[in-house]
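Please read the structure below before turning to the comments.
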């Protein structure tokens with residue numbers, strides 16, 4: 001070996017020692033900082049975490065290196081994360097607030113600063129995270145709820161205007177025709193236009209009644225007093241009051257042989273069952289059957305309303321209990337889109353539960369579970 005080769009090997013060795021020393025100091029310093037620090041790869045996978053990151057998340061380093069940011073960031077979504085990375089392409093760093101969840105389930109507010117770093121010829125995201133106080137978390141959540149409420153109100157007003165416009169247009173158009181051509185129209189045509197006006201007014205009136213009732217259910221300004229009630233007799237009376245489409249088969253009421261009265265709120269129960277049965281009839285053909293099944297369980301009663309009608313598309317099922325939400329496959333079947341919102345609120349007011357199973361072209365089943373206590377005869 002020549003002296004030149006020895007000198008080169010010594011120089012390479014010295015460089016490696018210096019690099020290892022620098023890396024050791026860097027690790028020492030980064031692990032002394034109070035802020036959590038980590039590097040992220042594709043889709044938010046952890047590539048490096050410091051001691052503080054392990055402390056605030058309650059995960060070990062080995063656990064975090066097998067995880068992604070989605071596993072600890074409550075607000076994480078891949079689309080939002082990709083948007084942040086696009087912003088980083090145009091600026092040096094990005095700072096934002098988010099909420100993290102520890103291994104033990106505690107949620108806390110953090111401020112996150114991210115930027116791009118070059119490592120072994122690849123771009124990685126480095127992040128520094130500082131935990132905020134519980135008071136700041138409460139303020140952040142309150143602000144978030146206020147923003148959501150503002151959005152809900154804006155959407156509600158927009159949908160209300162849209163729903164009112166259809167019957168108002170029918171009233172306005174019919175009225176305009178009558179004013180301009182009443183002397184030229186036949187008696188039958190005039191009666192038809194008056195019918196359109198009457199229908200439009202009734203639809204608007206029904207919508208306003210539903211909105212008022214929905215507001216009362218949401219603010220819990222409805223009397224929730226339970227009374228002894230014979231549910232079989234109650235359901236028979238209710239079915240008799242429900243208008244049926246021409247040629248539609250009668251509602252098939254299924255109930256146990258022996259039924260004791262129960263303590264339940266009849267004023268809240270009636271609109272629940274009425275809305276669900278009306279929908280079942282409205283969205284199914286006259287040849288198909290609609291079932292109302294009553295079941296007693298300890299300290300609760302269960303109502304199942306089953307139709308063999310249109311069914312609700314999967315895309316609509318998640319929001320079906322929201323105001324003005326209607327299935328995308330209902331075409332021109334009339335309705336306000338508030339019935340199920342009212343039902344859900346009335347069930348919640350009683351501490352109950354409502355479930356739905358639906359398949360397009362097969363039908364829909366709503367199951368309402370309400371708490372109740374049986375009324376036993378004192379002599380029995």
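Taken together, the values in this text are just the output of simple stated rules run on the coordinates, not laboratory data. Because the structure is predicted, anything quoted here is derived from the model rather than measured. Quick reminder, even Gly has a Cβ in these numbers, built from the backbone with ideal geometry, and neighbours come from all protein chains shown.
Residues 57, 102, ranked from the fewest to the most other C-beta atoms within 10 Å, line up as 102, 57. The calculated FRET efficiency for residue 263 paired with residue 102, based on their beta-carbon distance and R0 = 35 Å, is about 0.20. Once you reduce region 306-375 and region 222-297 to the center of their Cα atoms, the two points are 15 Å from each other.
The length gained on full extension between residue 206 and residue 184, counted as 0.36 nm times the residue separation minus their Cα-Cα distance, comes to 4.6 nm.
In a fully extended conformation the segment linking residue 333 and residue 319 would gain 3.2 nm over its present Cα-Cα distance, using 0.36 nm per residue.
Between residue 86 and residue 47, the FRET efficiency estimated from the beta carbon spacing at R0 = 22 angstrom works out to 0.60. Cβ crowding within 10 Å, taken as a proxy for footprinting-reagent exposure, orders 238, 185 from fewest neighbours to most as 185, 238. Counting pairwise Cα distances across region 274-355, what percent come out greater than 19 angstrom? Within region 274-355, distances greater than 19 Å cover 41 percent of Cα pairs. Residue exposure proxy: 90, 67, 338, ordered by other Cβ atoms within 10 angstrom of their Cβ from fewest to most, comes out as 90, 67, 338.
FRET efficiency for the pair residue 116 and residue 166, taken as 1/(1 + (r/R0)^6) with r the Cβ-Cβ distance and R0 = 45 Å, rounds to 0.30.
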